[in-house]
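Asks: A single structure is presented below for examination.
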Ligand code: SF4
């Protein structure tokens, strides 16, 4: 049995988002507390899923049947924390075998050399690792855990053939521009060609921090850009164009 409990499809880029149950961090602004299902789904769909009972995690065979019905080119594996699922390498191998490029999003804490080796062997195309803070005290206060393993695993991943992307969240009052610059310096010390994405914080779960302005995110990106070749930020982009987010699993029928 996998830990997969929700699959959504994005019509703008032939991709799916696969959500895995459970996480080893306790981030103060975690959206999962507010909405367990993909928060890009329309609110009425999320509410219906929240109220429904009686469906759970998929077996690998059930997952395969669903994927074969879809015509997708990319799968983003997230959640939750996918690396907690012992079936993750099998999920990656299945998708890549069907011609679906996989991108794992992870907090990086549970990775280790053995798991990284298995994921590389399974054909994983890319990893987007979130580095919440370079300062360990800030990292501990936000996630409940040290960042030591995250930084160590990031260095290990950079030596593989898996495409590595770093990601951080700008949180005004906690992870500010100077902290983003320290993370960028760390990433540059590994390899300045690693792309770095900066997201603006979205205040979920009664978190005490506000959403940054577009100017604040742009400024943080400029600081990171002093050290790295490729820096992007969601606030700096003009949007996703026309897209529809469709719930695939649990199905409407299952949701009742
Ligand atoms: S790593 Fe992601 S899923 Fe886990 S607690 Fe933090 S925000 Fe939530």
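Asks: Looking only at region 76-97, decide whether some residue is surrounded by fewer than 19 Cβ atoms within 10 Å (Cβ to Cβ), more than 29 Å from residue 161 (Cα to Cα) and free of Cβ contacts under 8 Å to residues at least 60 places away in the same chain.
Replies: no
Asks: Only one of 155, 243, 253, 161 is out of contact with any helix residue (DSSP H, G or I) (no Cβ under 6 Å at 6 or more places or on another chain) and either closer than 28 Å to residue 121 by Cβ or modelled with pLDDT of 95 or more (or both); which?
Replies: Result of the check over 155, 243, 253, 161: 161.
Asks: Kindly indicate which of 207, 193 is over 16 Å from residue 178 (Cβ atoms), surrounded by 17 or more Cβ atoms within 10 Å (Cβ to Cβ) and out of contact with any helix residue (DSSP H, G or I) (no Cβ under 9 Å at 6 or more places or on another chain).
Replies: Testing whether each residue is over 16 Å from residue 178 (Cβ atoms), surrounded by 17 or more Cβ atoms within 10 Å (Cβ to Cβ) and out of contact with any helix residue (DSSP H, G or I) (no Cβ under 9 Å at 6 or more places or on another chain) leaves just 207.
Asks: Pairs please, first residue from region 19-30 and within 26 Å of residue 60 (Cβ to Cβ), second anywhere and in a loop (DSSP other than H, G, I, E, B) and more than 9 Å from the ligand (Cβ to nearest atom), Cβ atoms under 7 Å, 6+ apart in sequence or on different chains.
Replies: Once the first residue is within 26 Å of residue 60 (Cβ to Cβ) and sits in region 19-30, its partners that are in a loop (DSSP other than H, G, I, E, B) and more than 9 Å from the ligand (Cβ to nearest atom) give 19/38; 20/3; 20/85; 21/3; 21/57; 22/3; 24/110; 25/145.
Asks: Regarding residue 29, is this residue surrounded by 14 or more Cβ atoms within 10 Å (Cβ to Cβ), assigned to a loop (DSSP other than H, G, I, E, B) and within 13 Å of the ligand (Cβ to nearest atom)?
Replies: yes
Asks: Within region 124-139, restricting attention to residues that are away from the ligand (no atom under 16 Å from the Cβ) and closer than 20 Å to residue 78 by Cα, which residue is surrounded by the most Cβ atoms within 10 Å (Cβ to Cβ)?
Replies: Going through the qualifying residues, I end up with 124.
Asks: I'm trying to understand the selection: among the residues of region 32-50, which are more than 26 Å from residue 92 (Cα to Cα) and near the ligand (Cβ under 10 Å from one of its atoms)?
Replies: Hit for region 32-50 is 33, nothing else.
The values are calculated or read from the model by the stated rules, or taken from the named source; none is laboratory data. This is a predicted model, so every value here is computed, not measured. All Cβ positions, glycine included, derive from the backbone under ideal geometry; neighbour counts span all protein chains shown.
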